[in-house]
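To keep things clear, I will list the structure first and then write my remarks on it.
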Ligand SMILES: [Zn+2]
């Protein structure tokens, strides 16, 4: 384990421990979440050393890397994934009719395949070898390992997307710099993140599945993400919700809490979260659309 004495984004020493959270998904180990008093970032601390992070993804249930259907949660996941793919395409095609897209953390490649079928030039980065190979063999996509990200040509992509990826990345600042360098000057950088101050996060507290320790190393409130974007000379031009995530994350959280009637409770929690967020903007998951300043 690696213990951080300063904030991993702004390097402030003004950090405090806020919460103890269990890894319900896999290891059942406990991790602490710390808060930076200066930039509002929440971060998992101590965190596994980079070379040991992979073992926390080593589960047949790790859905984003899995294409099998397993039970109610699996079925719901695939249903929501279809809705999400269409929504993501709609958001991106409103920014650019067509062009060159890079999806970092593309998993098994379903989103890129949707774009490929609509004449976009598609590239993916995926650290998980089996997901990467699936994307290449099933969809004939060009998908490379994470370490090749920095070798991609400068200012070349019209769209760079990271859907629920940045929270997993050990060096957030380095990733933001690399993405900015390979983004076209008129391109858009799209980052979707769980929102740790959403109503469902507040409701479930340490059971909130959006914390997903230790796979999630950073937990960005909208305030923390705005500071990060500014630090890297990026401007947020739009913030959009992923409303379905409130239901999915609530269902996982109910499972972690081992409540009775989890489906009904999750539906209510998701509905309440979205209703409250329709006024505050604090949806369970937020999509930030960025441009170079
Ligand atoms: Zn900070």
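If only residues of the range 1-14 that are within 11 Å of the ligand (Cβ to nearest atom) and without any contact (Cβ under 8 Å) to a residue 12 or more places away in the chain are counted, the one that is nearest to residue 54 (Cα to Cα) is 6. Those residues that are closer than 23 Å to residue 251 by Cβ and either within 13 Å of the ligand (Cβ to nearest atom) or touching a helix residue (DSSP H, G or I) at 6+ places or on another chain (Cβ under 8 Å) (or both), I need them from the range 26-35; list them, please. Of everything in the range 26-35, those that are closer than 23 Å to residue 251 by Cβ and either within 13 Å of the ligand (Cβ to nearest atom) or touching a helix residue (DSSP H, G or I) at 6+ places or on another chain (Cβ under 8 Å) (or both) turn out to be 26, 27.
For the range 41-50, the count of residues that are within 12 Å of the ligand (Cβ to nearest atom), over 30 Å from residue 130 (Cα atoms) and buried (at least 19 other Cβ atoms within 10 Å of the Cβ) is at least one.
Condition check ((1) at pLDDT 95 or above; (2) within 16 Å of the ligand (Cβ to nearest atom); (3) under 21 Å from the mean Cα position of the chain (by Cα)) across all residues:
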site	(1), (2), (3)
16	yes, yes, no
22	yes, no, yes
37	yes, yes, no
55	no, no, yes
58	no, no, yes
67	no, no, yes
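A single member of 260, 276 is more than 16 Å from the ligand (Cβ to nearest atom) and either in a helix (DSSP H, G or I) or under 17 Å from the mean Cα position of the chain (by Cα) (or both), and it is 276.
Total residues in the range 28-40 satisfying the condition of being surrounded by 17 or more Cβ atoms within 10 Å (Cβ to Cβ), at negative phi and touching a residue at least 60 places away in the same chain (Cβ under 8 Å): the figure is 4. Against the definition (surrounded by 19 or more Cβ atoms within 10 Å (Cβ to Cβ) and either more than 16 Å from the ligand (Cβ to nearest atom) or over 22 Å from residue 197 (Cβ atoms) (or both)), how does residue 84 come out, yes or no? So residue 84 fits the description; yes.
The values are calculated or read from the model by the stated rules, or taken from the named source; none is laboratory data. None of these values were measured; they are calculated from a predicted model. Every residue, glycine as well, gets a Cβ built from its backbone with ideal geometry; the counts of neighbours run over all protein chains shown.
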